[in-house]
Amino acid sequence: MSERTLAQCIDHTLLRPETTELQVRRLCLEAEQYRFANVCVNPIWVRLCSHLLTGKQVGVCAVVGFPFGATLPEIKAFEARRVLEDGCCEVDMVLNIGMLKSGYEAVVLDDIRQVSREVHEKGAQLKVIIEAALLADDEKVRACVLARDGGAEYVKTSTGFSTGGATAKDVALIRSVVGEDLGVKAAGGIRDLAAVREMLAAGATRIGTSAGVRIMQQAASSEHS
(Lines give C-alpha, C1' and ligand atoms only; values in the text may rest on other atoms or scores of the structure.)
Protein backbone atom coordinates (compact mmCIF):
# COMPACT_ATOMS: atom_id res chain seq x y z
CA MET A 1 0.00 0.00 0.00
CA SER A 2 1.37 3.42 -0.97
CA GLU A 3 1.76 6.18 1.60
CA ARG A 4 -0.94 8.19 -0.19
CA THR A 5 -3.40 5.29 -0.05
CA LEU A 6 -2.56 4.66 3.60
CA ALA A 7 -3.13 8.31 4.51
CA GLN A 8 -6.56 8.20 2.88
CA CYS A 9 -7.55 5.40 5.27
CA ILE A 10 -6.80 7.50 8.36
CA ASP A 11 -9.02 9.81 10.40
CA HIS A 12 -6.47 11.98 12.25
CA THR A 13 -8.09 12.11 15.67
CA LEU A 14 -7.99 14.39 18.70
CA LEU A 15 -10.82 13.85 21.19
CA ARG A 16 -9.27 14.41 24.61
CA PRO A 17 -11.34 16.72 26.84
CA GLU A 18 -8.32 18.93 27.61
CA THR A 19 -7.61 19.62 23.93
CA THR A 20 -6.58 23.22 23.25
CA GLU A 21 -7.00 25.42 20.19
CA LEU A 22 -3.27 25.25 19.50
CA GLN A 23 -3.44 21.45 19.41
CA VAL A 24 -6.40 21.54 17.03
CA ARG A 25 -4.55 23.90 14.71
CA ARG A 26 -1.57 21.55 14.72
CA LEU A 27 -3.88 18.61 14.00
CA CYS A 28 -5.19 20.38 10.90
CA LEU A 29 -1.70 21.28 9.69
CA GLU A 30 -0.63 17.65 10.06
CA ALA A 31 -3.74 16.44 8.27
CA GLU A 32 -3.05 18.82 5.38
CA GLN A 33 0.59 17.76 5.22
CA TYR A 34 -0.15 14.04 5.08
CA ARG A 35 -3.50 14.31 3.25
CA PHE A 36 -5.42 12.25 5.79
CA ALA A 37 -9.05 11.44 5.01
CA ASN A 38 -10.37 13.57 7.88
CA VAL A 39 -9.61 15.17 11.15
CA CYS A 40 -11.90 13.77 13.86
CA VAL A 41 -12.75 16.18 16.66
CA ASN A 42 -15.29 17.06 19.31
CA PRO A 43 -18.17 19.31 18.17
CA ILE A 44 -16.76 22.50 19.67
CA TRP A 45 -13.81 22.39 17.22
CA VAL A 46 -15.69 21.63 13.99
CA ARG A 47 -16.10 25.24 12.85
CA LEU A 48 -12.40 26.01 13.36
CA CYS A 49 -11.32 22.84 11.55
CA SER A 50 -13.70 23.53 8.67
CA HIS A 51 -12.24 27.02 8.32
CA LEU A 52 -8.64 25.80 8.44
CA LEU A 53 -9.21 22.94 6.01
CA THR A 54 -11.36 24.65 3.39
CA GLY A 55 -9.94 23.71 0.00
CA LYS A 56 -7.31 21.42 1.55
CA GLN A 57 -8.84 18.08 0.45
CA VAL A 58 -9.17 16.95 4.07
CA GLY A 59 -12.60 16.40 5.59
CA VAL A 60 -13.88 17.15 9.07
CA CYS A 61 -15.48 14.39 11.13
CA ALA A 62 -17.32 15.08 14.40
CA VAL A 63 -18.40 12.77 17.20
CA VAL A 64 -22.00 12.83 18.47
CA GLY A 65 -23.42 11.39 21.69
CA PHE A 66 -19.81 10.88 22.69
CA PRO A 67 -18.46 8.89 24.47
CA PHE A 68 -21.31 7.06 26.23
CA GLY A 69 -24.15 7.03 23.70
CA ALA A 70 -26.70 7.61 26.47
CA THR A 71 -28.00 10.94 25.17
CA LEU A 72 -31.66 11.25 24.12
CA PRO A 73 -32.17 10.57 20.38
CA GLU A 74 -33.48 14.05 19.64
CA ILE A 75 -30.42 15.58 21.34
CA LYS A 76 -28.09 13.45 19.24
CA ALA A 77 -29.99 14.48 16.13
CA PHE A 78 -29.73 18.16 17.06
CA GLU A 79 -26.02 17.77 17.81
CA ALA A 80 -25.54 16.16 14.40
CA ARG A 81 -27.41 19.01 12.71
CA ARG A 82 -25.22 21.60 14.42
CA VAL A 83 -21.89 20.01 13.51
CA LEU A 84 -23.09 19.59 9.94
CA GLU A 85 -24.01 23.27 9.83
CA ASP A 86 -20.49 24.04 11.09
CA GLY A 87 -18.98 22.14 8.18
CA CYS A 88 -18.33 18.50 9.02
CA CYS A 89 -18.79 15.88 6.31
CA GLU A 90 -18.87 12.76 8.47
CA VAL A 91 -20.52 12.08 11.83
CA ASP A 92 -19.41 9.34 14.23
CA MET A 93 -22.27 8.67 16.65
CA VAL A 94 -22.23 6.34 19.65
CA LEU A 95 -25.24 4.05 19.64
CA ASN A 96 -27.27 3.63 22.82
CA ILE A 97 -25.29 0.81 24.42
CA GLY A 98 -27.49 0.42 27.48
CA MET A 99 -30.66 0.17 25.41
CA LEU A 100 -29.03 -2.45 23.17
CA LYS A 101 -27.97 -4.55 26.15
CA SER A 102 -31.48 -4.19 27.62
CA GLY A 103 -33.03 -5.61 24.48
CA TYR A 104 -34.72 -2.40 23.31
CA GLU A 105 -33.68 -2.66 19.70
CA ALA A 106 -36.47 -0.40 18.43
CA VAL A 107 -35.12 2.39 20.65
CA VAL A 108 -31.59 1.85 19.33
CA LEU A 109 -32.81 1.83 15.74
CA ASP A 110 -34.79 5.03 16.23
CA ASP A 111 -31.72 6.64 17.81
CA ILE A 112 -29.63 5.83 14.73
CA ARG A 113 -32.33 6.81 12.26
CA GLN A 114 -32.87 10.23 13.81
CA VAL A 115 -29.18 11.03 13.39
CA SER A 116 -29.05 9.38 9.99
CA ARG A 117 -31.82 11.64 8.66
CA GLU A 118 -29.94 14.76 9.68
CA VAL A 119 -26.67 13.46 8.24
CA HIS A 120 -28.09 12.42 4.89
CA GLU A 121 -30.09 15.62 4.43
CA LYS A 122 -26.72 17.39 4.35
CA GLY A 123 -25.15 14.84 2.00
CA ALA A 124 -22.79 13.64 4.72
CA GLN A 125 -21.90 10.14 5.94
CA LEU A 126 -22.69 8.39 9.21
CA LYS A 127 -20.55 6.04 11.24
CA VAL A 128 -22.12 4.19 14.19
CA ILE A 129 -19.78 3.41 17.09
CA ILE A 130 -20.84 0.16 18.74
CA GLU A 131 -18.24 0.17 21.58
CA ALA A 132 -17.36 -3.47 20.97
CA ALA A 133 -15.42 -3.89 24.21
CA LEU A 134 -18.69 -3.62 26.16
CA LEU A 135 -20.64 -6.11 24.03
CA ALA A 136 -20.88 -9.89 23.75
CA ASP A 137 -20.46 -11.24 20.23
CA ASP A 138 -24.20 -11.66 19.69
CA GLU A 139 -24.71 -8.04 20.79
CA LYS A 140 -22.04 -6.89 18.34
CA VAL A 141 -23.90 -8.66 15.56
CA ARG A 142 -27.19 -7.02 16.54
CA ALA A 143 -25.50 -3.62 16.78
CA CYS A 144 -24.10 -4.00 13.26
CA VAL A 145 -27.49 -4.99 11.85
CA LEU A 146 -29.14 -2.00 13.54
CA ALA A 147 -26.45 0.34 12.22
CA ARG A 148 -27.01 -1.00 8.71
CA ASP A 149 -30.80 -0.80 9.00
CA GLY A 150 -30.53 2.69 10.43
CA GLY A 151 -28.75 3.96 7.35
CA ALA A 152 -25.12 4.13 8.45
CA GLU A 153 -22.30 4.04 5.92
CA TYR A 154 -19.82 2.65 8.46
CA VAL A 155 -19.71 0.61 11.65
CA LYS A 156 -16.97 1.77 14.01
CA THR A 157 -15.48 -0.45 16.70
CA SER A 158 -14.81 1.87 19.61
CA THR A 159 -14.68 5.35 21.09
CA GLY A 160 -11.20 4.83 22.52
CA PHE A 161 -12.57 5.93 25.92
CA SER A 162 -13.90 2.63 27.25
CA THR A 163 -12.37 -0.59 28.57
CA GLY A 164 -10.77 -1.55 25.26
CA GLY A 165 -10.22 -0.45 21.71
CA ALA A 166 -10.18 -2.04 18.29
CA THR A 167 -9.22 -5.69 17.83
CA ALA A 168 -8.70 -7.57 14.59
CA LYS A 169 -11.22 -10.14 15.81
CA ASP A 170 -13.94 -7.51 16.21
CA VAL A 171 -13.13 -5.94 12.86
CA ALA A 172 -13.43 -9.33 11.18
CA LEU A 173 -16.73 -10.00 12.95
CA ILE A 174 -18.16 -6.65 11.90
CA ARG A 175 -17.04 -7.21 8.32
CA SER A 176 -18.67 -10.65 8.29
CA VAL A 177 -21.99 -9.09 9.34
CA VAL A 178 -22.06 -6.01 7.11
CA GLY A 179 -20.45 -7.62 4.08
CA GLU A 180 -19.06 -5.28 1.46
CA ASP A 181 -21.97 -2.84 1.65
CA LEU A 182 -20.67 -0.81 4.60
CA GLY A 183 -17.31 0.55 5.64
CA VAL A 184 -15.66 -0.60 8.86
CA LYS A 185 -13.73 1.88 10.99
CA ALA A 186 -11.26 0.51 13.52
CA ALA A 187 -10.47 2.94 16.33
CA GLY A 188 -9.03 2.84 19.82
CA GLY A 189 -5.49 1.84 20.71
CA ILE A 190 -4.11 1.84 17.16
CA ARG A 191 -0.69 3.41 17.59
CA ASP A 192 1.65 1.95 14.97
CA LEU A 193 1.89 0.77 11.40
CA ALA A 194 1.75 -2.90 12.35
CA ALA A 195 -1.60 -2.39 14.08
CA VAL A 196 -2.95 -0.49 11.08
CA ARG A 197 -1.95 -3.29 8.73
CA GLU A 198 -3.56 -5.85 11.02
CA MET A 199 -6.86 -3.93 11.06
CA LEU A 200 -6.87 -3.43 7.30
CA ALA A 201 -6.16 -7.12 6.74
CA ALA A 202 -9.09 -7.99 9.01
CA GLY A 203 -11.47 -5.89 6.92
CA ALA A 204 -11.23 -2.29 8.10
CA THR A 205 -11.55 0.45 5.49
CA ARG A 206 -10.90 3.38 7.82
CA ILE A 207 -8.61 3.81 10.81
CA GLY A 208 -9.21 6.27 13.63
CA THR A 209 -6.00 7.15 15.45
CA SER A 210 -4.24 9.98 17.23
CA ALA A 211 -0.92 8.51 16.07
CA GLY A 212 -1.36 9.27 12.38
CA VAL A 213 1.90 11.18 12.01
CA ARG A 214 3.94 8.45 13.67
CA ILE A 215 2.26 5.82 11.50
CA MET A 216 3.05 7.74 8.31
CA GLN A 217 6.66 8.19 9.40
CA GLN A 218 6.91 4.45 10.02
CA ALA A 219 5.40 3.81 6.59
CA ALA A 220 7.91 6.12 4.92
CA SER A 221 10.78 4.47 6.76
CA SER A 222 9.52 1.00 5.82
CA GLU A 223 9.14 1.95 2.17
CA HIS A 224 12.65 3.38 1.90
CA SER A 225 14.50 0.76 3.97
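The values are calculated or read from the model by the stated rules, or taken from the named source; none is laboratory data. Small disclaimer: the values here were computed from a predicted structure and weren't measured. Note that each Cβ is placed from the backbone with ideal geometry, even for glycine, and that neighbours are counted across all protein chains shown.
Taking the criterion of being of a type in the set (A, V, I, L, M), out of contact with any Cys (no Cβ under 9 Å at 6 or more places or on another chain) and part of a helix (DSSP H, G or I), the residues of segment 200-225 that qualify are ALA201, ALA202, VAL213, ILE215, MET216, ALA219, ALA220. Selection of segment 103-118 for residues being farther than 19 Å from PRO67 by Cα and in a helix (DSSP H, G or I) yields GLU105, ALA106, ARG117, GLU118. For segment 156-199, the set of residues classified as within 17 Å of LEU14 (Cα to Cα) and either in contact (Cβ under 8 Å) with a residue 60 or more places away in the chain or part of a helix (DSSP H, G or I) (or both) consists of LYS156, THR159, GLY160, PHE161, SER162, LYS185, ALA187, listed by residue number. Take the conditions (1) more than 27 Å from PRO17 (Cα to Cα); (2) modelled with pLDDT of 95 or more; SER221 misses just one of them, which is (2).
Looking across GLY164, GLY151, GLY103, one residue alone is more than 17 Å from the chain's Cα centre (by Cα) and surrounded by fewer than 19 Cβ atoms within 10 Å (Cβ to Cβ). It is GLY103. I'd like to check something: does segment 52-67 contain any residue that is more than 21 Å from HIS12 (Cα to Cα), crowded, with 18+ Cβ neighbours inside 10 Å, in contact with a helix residue (DSSP H, G or I) (Cβ under 9 Å, 6 or more places away or on another chain) and not β-branched (Val, Ile, Thr)? Among the residues of segment 52-67, not one is more than 21 Å from HIS12 (Cα to Cα), crowded, with 18+ Cβ neighbours inside 10 Å, in contact with a helix residue (DSSP H, G or I) (Cβ under 9 Å, 6 or more places away or on another chain) and not β-branched (Val, Ile, Thr), which makes the answer no.
Are there strands (runs of 3 or more DSSP E) fully within segment 1-94 with at least 3 residues that are at pLDDT 95 or above, out of contact with any Pro (no Cβ under 7 Å at 6 or more places or on another chain) and closer than 23 Å to VAL108 by Cβ? List them.
Numbers: elements: 10-14, 38-41, 59-64, 90-94.
Result: 59-64, 90-94.
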